[in-house]
1. Is it fair to say Phe142 is under 16 Å from Ile18 (Cβ atoms) and of a type in the set (Phe, Trp, Tyr)?
2. Test Val124 against the stated conditions and say whether it is over 26 Å from Glu64 (Cα atoms), surrounded by fewer than 17 Cβ atoms within 10 Å (Cβ to Cβ) and among the aliphatic types (A, V, I, L, M).
3. Could you please give the count of residues in the stretch 5-23 that are of a type in the set (Gly, Ala, Ser) and surrounded by 21 or more Cβ atoms within 10 Å (Cβ to Cβ)?
4. Suppose the filter is without any contact (Cβ under 8 Å) to a residue 24 or more places away in the chain and surrounded by 16 or more Cβ atoms within 10 Å (Cβ to Cβ); does Arg71 pass it?
5. Among the strands (runs of 3 or more DSSP E) contained in the stretch 89-159, which hold 1 or more residues that are within 23 Å of Val57 (Cα to Cα) and touching a Phe, Trp or Tyr at 6+ places or on another chain (Cβ under 6 Å)?
6. Identify, from the list Trp108, Trp94, the residue that is out of contact with any helix residue (DSSP H, G or I) (no Cβ under 8 Å at 6 or more places or on another chain) and closer than 19 Å to Leu10 by Cβ.
7. Report, ordered by the first and then the second residue, all pairs with beta carbons closer than 7 Å, sequence separation of six or more or different chains, a first member in the stretch 18-39 that is of a type outside the set (A, V, I, L, M, F, W, C), and a second member that is outside any strand (DSSP E or B) and loosely packed, with under 14 Cβ neighbours inside 10 Å.
8. Can you work out which of the residues in the stretch 132-151 that are crowded, with 16+ Cβ neighbours inside 10 Å and either in contact with a helix residue (DSSP H, G or I) (Cβ under 6 Å, 6 or more places away or on another chain) or modelled with pLDDT under 95 (or both) is nearest to Phe76 (Cα to Cα)?
Amino acid sequence: MRDATLCFPLRGEPPTEILLGFKKVRFGAGKYNGFGGKIEPGETMAEAAIREVREEVGLEILPEHLRPMARLTFVFQGRPEWNHDVCVFLTTEWAGSPVEGEEMTPRWFPVREIPFDRMWQDDVLWLPLVLNGWRVRGHFTFATDGETLLSWRVERWEGDCDD
């Protein structure tokens, strides 16, 4: 199980828009998602999220502007190399403008029009809760096809991403 991050930039209070990236290559290609990836040696979850957002979409985020909102575990039957434990952050403050990179094409969506049909099947189960201010812990198991969600559990969470 490897550690990873996701970060969702938001506009509005309460959030009215969410920045998603359309993944063009590798794991998750063809889906919209937040920005993030694996933790490099010596990095905290927050440091990894900041680096990944900078690399994938060109935004500069300060650590104090990240809000840890979820800790999600993903298990892929038959694909243990895809298993990961993810810390999800939200942010409403950054410097710069989103730019397309080799890996992701950024696009703003109204929160009421999030393209869940073009995202991972689990996203509709936890992302609306997080956008409504809940902190959650989730566990999701996917079938051997890597797409079909077999089982899931989501509950309120009061932990810390670096625990």
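1. The answer is no for Phe142.
2. yes
3. Qualifying residue count, the stretch 5-23: 1.
4. no
5. 104-110
6. Trp108
7. From the stretch 18-39, the pairs are Lys23/Ala29; Lys23/Gly30; Lys31/Arg118; Tyr32/Pro115; Tyr32/Arg118.
8. Gly138
The values are calculated or read from the model by the stated rules, or taken from the named source; none is laboratory data. None of the values given here were measured: they were computed from a predicted structure. Don't worry about glycine lacking a Cβ; one is built from the backbone with ideal geometry, like all the others, and counts go over all protein chains shown.
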